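Input: a single structure, listed below in structure tokens.
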Amino acid sequence: MQQAGKPLLLSIEEQNQIAVRVGGDGQVVFFAVKNGAELKRVSLPIPAGVTITAIGQDQPGHNQVALGLSNGSALVFKHLYKVTYPDNHKTITPQLSYPYGEQPLVLDEQGRALEHVSLVDTGDRLVLAGSVGTDTLALALSREENMLTGETSLEQQRIVLPQIAEPVKALYIDPRQQWLYVINGRAQADVFDLRSKSLNGRYKLLEDSTAEVTASAQLLGGISLLIGDSTGGISQWFMARDTDGEPRLSHIRDFQLGASAVLQIKPEERRKGFIASNAAGDLGVFHSTAQRTLLIEPLAKNADLLALSPRANRVLVESGNSLHPYSLRNPHPEISWNALWSKVWYESYDEPKYIWQSTAANAEFEPKLSLAPLTFGTLKAAFYAMLLAAPLAIAAAIYTAYFMAPRMRRKVKPVIELMEALPTVILGFFAGLFLAPYVEGHLPGIFSLLLLTPLAILITGFAWSRLPESLRLRVPEGWESALLIPTVLIAGWFALGISSHLEAWFFGGDMRLWISNDLGITYDQRNALIVGLAMGFAVIPNIYSIAEDAVFSVPKSLTLGSLALGATPWQTLTRVVILTASPGIFSALMIGLGRAVGETMIVLMATGNTPVMEMNLFEGMRTLAANVAVEMPESEVGGTHYRVLFLSALVLLLFTFVMNTLAELIRQRLRKKYASL
């Protein structure tokens with residue numbers, strides 16, 4: 001390819017077939033990436049006697065360019081690639097367009113040469129910024145279309161900004177067109193609010209007083225600034241609110257590319273990654289969110305320009321009069337231990353957080369793939385389910401196996417085990433559509449029920465023990481528990497019946513609002529309490545069946561021997577039966593916990609599926625299993641999201657494997673310890 005002036009811009013189109021080069025003499029050359037053959041040459045409409053003094057690009061992924069001219073104006077153009085299929089043969093035709101006309105836009109009315117230029121175009125509004133010495137200039141153009149005639153008109157508005165003290169090195173505008181970042185001096189950034197036309201603050205970019213800024217760029221989306229310095233460091237900055245709620249330019253994370261000065265930084269157009277080169281001729285590949293240095297390789301020294309393809313799989317380097325194409329394979333840079341399990345400071349957030357958000361509506365989205373909130377949600381759901389299921393199931397198993405009459409046991413045990421046959425999707429459906437709104441409307445009654453039921457059982461038992469022996473002997477031995485059925489029903493009816501009265505007396509008529517406003521606790525209708533009730537109901541049969549078999553399998557000789565030696569039935573239960581059956585009881589609990597950890601449908605339908613890390617009983621969660629069920633159908637096969645979902649399934653498998661292994665070790669130890677009884 002015949003060179004055309006000093007190199008200003010080098011870019012590659014989507015298919016890696018055509019590249020474009022903008023030269024200092026105003027020539028735009030399209031050429032083949034494969035062999036460098038020139039395909040098309042276009043002369044930009046620059047006025048006679050005017051030279052190009054600066055160049056700026058729109059956000060990564062937008063092919064819009066602004067050229068600063070020596071007469072104080074700027075020319076905005078866009079390089080496009082039209083794909084056609086004549087005779088079923090794919091053809092890419094490069095072309096230039098001028099969305100704001102071929103006439104340059106005047107930035108400096110005094111006609112001084114622009115030293116730096118930057119732009120952001122939202123389609124309806126263009127903001128163009130330039131600098132001359134210590135003066136910063138900004139121009140906003142609003143595009144309006146007449147709905148009747150279809151004619152488009154432009155309205156210009158000049159933005160007057162305060163003068164800065166140091167010479168400007170670079171200008172950047174954020175995509176919302178609110179902030180103008182002015183890199184100046186050795187290592188300083190002035191941030192201007194374009195809406196209020198005021199200075200937000202002056203920020204020191206480097207701690208080392210001997211270092212200076214040598215390169216800069218905007219990351220995909222334009223929210224983050226990448227600052228390269230003379231020591232090989234690259235830092236990421238973006239606006240975040242401080243403790244007073246004011247937006248400030250914040251230092252987020254650092255990368256290192258050797259010890260030589262960073263000369264160029266090129267962001268990816270589809271991910272939050274970037275490449276950079278330094279004075280020693282090294283090329284580095286990095287990813288911001290994962291905070292990973294993926295590759296550092298030596299390239300041609302004194303590289304004039306770098307270009308990274310939209311798919312981030314081809315790098316083009318211009319050095320002197322030659323072009324050097326390189327292939328780059330970097331399929332999943334978003335994943336690191338830090339990104340999966342540690343707090344990450346994501347763009348537009350005020351502090352580092354654990355967040356799972358795999359998709360969004362725009363292509364500039366920063367994936368948030370932390371497995372921490374999903375793992376936490378899994379354990380939270382299992383904890384509240386076991387909190388309800390374990391005491392009820394174990395107590396029922398002990399009573400059924402040790403105290404209950406054989407005839408009654410033959411009726412009760414199959415009924416409880418039959419509960420396990422109920423599909424979990426039915427339980428989840430019932431919990432989500434009926435139980436959740438019912439609990440929300442009867443919160444005082446639900447908590448009264450949890451307190452009054454055991455109290456009513458204790459009172460009934462105490463009263464039964466005080467009845468005359470003649471009355472107590474009329475009930476066959478082992479059938480006493482049947483008397484508790486009306487007690488439980490009456491306690492439930494009473495607790496739920498007084499719910500509205502308790503709500504009016506103590507909570508101002510609405511306990512949910514009282515929890516949210518007075519206690520400051522978030523309340524979601526589908527929350528951990530609903531999951532505990534529904535999933536606890538599903539887990540009870542597993543725990544009960546195994547624990548009951550373990551207690552019932554204790555040799556009768558041990559029980560009868562203990563009673564013969566003068567021990568009471570209660571002493572025999574606590575000091576002989578439970579200890580002997582403890583390995584089986586422990587196994588029942590572990591199997592129940594494993595069932596709770598792996599449950600999908602109940603959690604999917606009975607919670608808000610919000611991946612938060614809060615132990616709040618009234619807030620929802622998202623579990624690993626539910627997340628796989630929800631997001632697997634919409635994930636791209638082989639993509640990062642797809643692989644992370646498989647990883648989350650593996651984490652669930654490893655968790656249950658480790659838990660069951662530990663449970664077996666503990667069970668064997670208990671069995672060995674109490675084998676001598």
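Values in this text are rule-based calculations from the coordinates and carry no lab data. Keep in mind that this is a model prediction, so the values were computed, not measured. Positions of Cβ are backbone-derived with ideal geometry, glycine not excepted, and every protein chain shown enters the neighbour counts.
Taking the alpha-carbon centroid of each part, what is the distance from segment 293-350 to segment 65-143 in angstrom? When both Cα centres are located, 26 Å separates them.
Each part reduced to its alpha carbon centroid, segment 451-493 and segment 5-21 end up 86 Å apart.
Scoring 460-467, 593-600, 218-225, 429-436 by mean Cβ neighbours within 10 Å over their residues and listing the highest first yields 218-225, 593-600, 429-436, 460-467.
The label point for L422 and the one for V50, both projected 7 Å from the Cα toward the Cβ, are 7.8 nm apart. Helix 578-598 versus the longest principal axis of the chain: what is the Cα-based angle in degrees, 0 to 90, to the nearest 10? Between the helix axis and the principal axis of the chain, the angle is about 30 degrees.
Helix 406-418 and the longest principal axis of the C-alpha atoms of the chain enclose an angle of approximately 10°.
Can you tell me the order of 341-349, 60-68, 411-419 when each peptide is scored by its average per-residue count of other Cβ atoms within 10 angstrom, highest first?
60-68, 341-349, 411-419
Taken along the Cα-to-beta-carbon direction at a fixed 7 Å, the label points for N330 and S250 span 2.5 nm. Straight-line reach from K672: which aspartates and glutamates fall under 15 Å, measuring Cα to Cα and dropping same-chain residues less than 8 apart? Result set, ordered by chain and number: E664.
Give me the mean projected area, in nm² to one decimal, of the convex hull enclosing the Cα positions of the chain. Please report the intermediate quantities before stating the final value.
Working: hull surface 173.4 nm².
Directional mean of the projected Cα hull area for the chain stands at 43.3 nm².
If packing is taken as the average count of other Cβ atoms within 10 Å, what order do 279-288, 619-628 fall into, highest mean first? It would help to have the intermediate numbers written out before the result.
Working: 279-288: 21.2, 619-628: 25.0.
Descending mean neighbour count gives 619-628, 279-288.
Gain on full extension, evaluated as 0.36 nm per residue between K343 and E166 minus their Cα-Cα distance, stands at 60.0 nm.
Name the shape class, rounded, prolate or oblate, that the alpha-carbon gyration tensor gives for segment 17-163, where a ≥ b ≥ c are the square roots of its eigenvalues, rounded holds for a/c under 1.5, and otherwise prolate holds if a/b is larger than b/c and oblate otherwise. Mind showing how you got there, number by number?
Values: a/c = 2.34, a/b = 1.42, b/c = 1.65.
Taking the square roots of the gyration eigenvalues as a ≥ b ≥ c, segment 17-163 is oblate.
When a/c reaches 1.5 or more, the comparison of a/b and b/c decides; with that in mind, is segment 392-504 rounded, prolate or oblate per its Cα gyration tensor? Oblate is the answer for segment 392-504, as a/c is 1.5 or above yet b/c matches or exceeds a/b.
If you fit an axis through the alpha-carbon atoms of helix 443-466 and take the longest principal axis of the Cα set of the chain, what angle between them do you get, 0 to 90°, nearest 10? The angle comes out at about 20 degrees.
Among the listed pairs K353/K380; K411/K673; K169/K368; K380/K673, give every one whose C-alpha distance is greater than 27 Å.
On the way: K353/K380 18 Å; K411/K673 34 Å; K169/K368 33 Å; K380/K673 32 Å.
With Cα atoms farther than 27 Å apart: K411/K673; K169/K368; K380/K673.
Helix content alone sets the calculated 222 nm mean residue ellipticity of the chain: runs of n ≥ 4 DSSP H residues at -39500 (n - 2.57) each, divided across all residues, give -10000 deg cm²/dmol. Considering only alpha-carbon pairs that sit under 8 angstrom and 6 or more positions apart, the relative contact order computed for the chain is 8 percent. Residue separation of K6 and A259 scaled by 0.36 nm, minus their Cα-Cα distance, works out to 88.3 nm of gained length. With both labels modelled 7 Å from their Cα along Cα-to-Cβ, the I521 to Q103 distance reads 6.8 nm. The relative contact order of segment 372-622, computed from alpha carbon pairs under 8 Å that lie at least 6 residues apart in sequence, is 39 percent. Rounded to 0.05, the FRET efficiency of the E636 and Y438 pair, given R0 = 51 Å and the Cβ-Cβ distance, is 0.80.
In summary, the lysines within cross-link reach of K82, defined as a Cα separation below 16 angstrom excluding same-chain residues under 8 places away, comprise K40, K90. Hey, quick one: spin label on S465, modelled 7 Å out along Cα-Cβ, who in segment 570-609 has an amide N within reach, i.e. under 16 Å? Of the residues in segment 570-609, 570-574 have backbone N under 16 Å from the label point off S465. Bridgeable aspartates and glutamates around K204 (alpha carbons under 12 Å apart, same-chain partners fewer than 8 residues away excluded): D190, E212.
Entry note, segment 1-204: relative contact order of 11 percent, from Cα contacts under 8 Å with a spacing of 6+ residues. Label point of F494 set 7 angstrom out along Cα-Cβ; within segment 428-464, amide nitrogens under 16 Å from it belong to 445-464.
With the Cα gyration tensor of segment 372-622 giving a ≥ b ≥ c as the square roots of its eigenvalues, does the rule (a/c under 1.5 for rounded; else a/b larger than b/c for prolate; else oblate) give rounded, prolate or oblate? Note, shape of segment 372-622 comes out oblate.
Give the separation of the Cα centroids, segment 600-677 to segment 536-571, in Å. So the two Cα centres are separated by 31 Å.
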